[in-house]
Amino acid sequence: MKRLAVVMPGQGSQFVGMGRDLAVADARAMELFERADAVLDVPLSRICWEGPLEELTRTENAQPAILLHSFIVWNLLPDGLRAAVTVGAGHSLGEFTAYVAAGSLSLDDALRLVRRRGELMARSGVERAGTMAAVIGLDPEAVQAACASVSVDGCVVVPANYNAPGQIVISGDVAAVESAMTAATELGARKVIPLSVSGAFHSPLMESARSGLAEAIADVELADPTFPVVANASAMEVSTASEARARLVEQLTSPVRWVESVETIAASDPDLWIELGPGRVLSGLLKRIDRDQVSAAAGSPVELEQMVEAFNA
């Protein structure tokens, strides 16, 4: 039997119209959109399908929207394909989705959790203004040095996402991020791109949200995942509910170690990687990290058919 690795996208993959074609094509998808609307008491389906983009992009809306879209695609996969998954992971928010696919979290609980996570993250961004920037063309050590050189007098900036070789996102106080962008350029960065975000995600500035998220996670039932999920914070496989709880809290203020996570999964020698949900960001990162890996992405009915064909080939 083929061995599959499933990866779930994170915030930033959302787009107006997401998931509508799935709901039109399959009643099961429509039912899940209606269920999410009822669970959250929020018109999530309308926000996903009609926007406006500004409303969809609000972190408390984007997080449940992306989780829902990814889970719907997972739910529409043939049983045999889902049974072939031997390991999973998700980028930031996507780690929650991976646990839903692995049967560790119920959909209803996960939707409430990530909605709450988004609210807490947004509040932290208001309490202490922060931002993020992508640094292109520097190795991790140079980016770390750039951040350390400007983190003074309580002003903080840290590497937040190790997305791919030569692509690292930094996060922290606005002034510190701006200084680190200058320092990275002076160290030879090919490009430094400020990101339009509402806070300094995956940095110490999210500490004020950590206790609230820990309380929310403590209030839901978690089961041991049916396949291991590689955690963002440790880049190691998680196989128990207790460790999943700890890692989901830890990742809020820890960097997303995506390169190491991909390397951990690749060591299990999957035959095919499947990315489920909006966009193809993780498939693109995979090509940059390990060109020998084969992937397929699905977020629409046509892509879903193509993924099943790739699995059966």
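The values are calculated or read from the model by the stated rules, or taken from the named source; none is laboratory data. Just so we're clear, the structure is a prediction, and the values are computed from it rather than from any experiment. Ideal geometry is used to build each Cβ from the backbone, glycine not excepted, and the neighbour counts take in all protein chains shown.
List of remarks:
- At least 3 residues being at pLDDT 95 or above, surrounded by 19 or more Cβ atoms within 10 Å (Cβ to Cβ) and not assigned by TED's automatic domain parsing to the domain that holds residue 263 is the threshold, and among the helices (runs of 4 or more DSSP H) wholly inside the stretch 104-222 those reaching it are 140-150, 174-186.
Matching residues to (1) over 24 Å from residue 75 (Cα atoms); (2) touching a strand residue (DSSP E or B) at 6+ places or on another chain (Cβ under 8 Å); (3) small (Gly, Ala, Ser):
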position	(1), (2), (3)
237	no, yes, no
245	no, no, no
254	yes, no, yes
272	no, yes, no
275	no, yes, no
284	no, no, yes
299	no, yes, yes
304	no, yes, no
309	no, no, no
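- Here residue 63 fulfils each of the conditions (1) surrounded by fewer than 18 Cβ atoms within 10 Å (Cβ to Cβ); (2) touching a residue at least 40 places away in the same chain (Cβ under 8 Å); (3) assigned to a helix (DSSP H, G or I) apart from (1).
- Residues of the stretch 1-40 that are touching a Phe, Trp or Tyr at 6+ places or on another chain (Cβ under 8 Å) and at positive phi: 17, 19.
- Looking across the stretch 246-287, the residues that are within 19 Å of residue 121 (Cβ to Cβ) and polar (S, T, N, Q) come down to 251, 253, 254.
- Members of the stretch 269-289 that are in contact (Cβ under 8 Å) with a residue 60 or more places away in the chain, assigned to a helix (DSSP H, G or I) and out of contact with any Asp or Glu (no Cβ under 9 Å at 6 or more places or on another chain): 285, 288
- Among the residues of the stretch 1-34, those that are more than 30 Å from residue 259 (Cβ to Cβ) and loosely packed, with under 15 Cβ neighbours inside 10 Å comprise 17, 24, 27, 28, 31, 34.
- Residue check for residue 88: in the same structural domain as residue 263 (by TED's automatic domain parsing), crowded, with 24+ Cβ neighbours inside 10 Å and not in a loop (DSSP other than H, G, I, E, B): yes
Yes/no per residue for (1) closer than 25 Å to residue 251 by Cα; (2) among the polar types (S, T, N, Q); (3) part of a helix (DSSP H, G or I):
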site	(1), (2), (3)
7	yes, no, no
14	yes, yes, no
17	no, no, no
23	no, no, yes
28	no, no, yes
31	no, no, yes
36	yes, no, yes
42	no, no, no
45	no, yes, yes
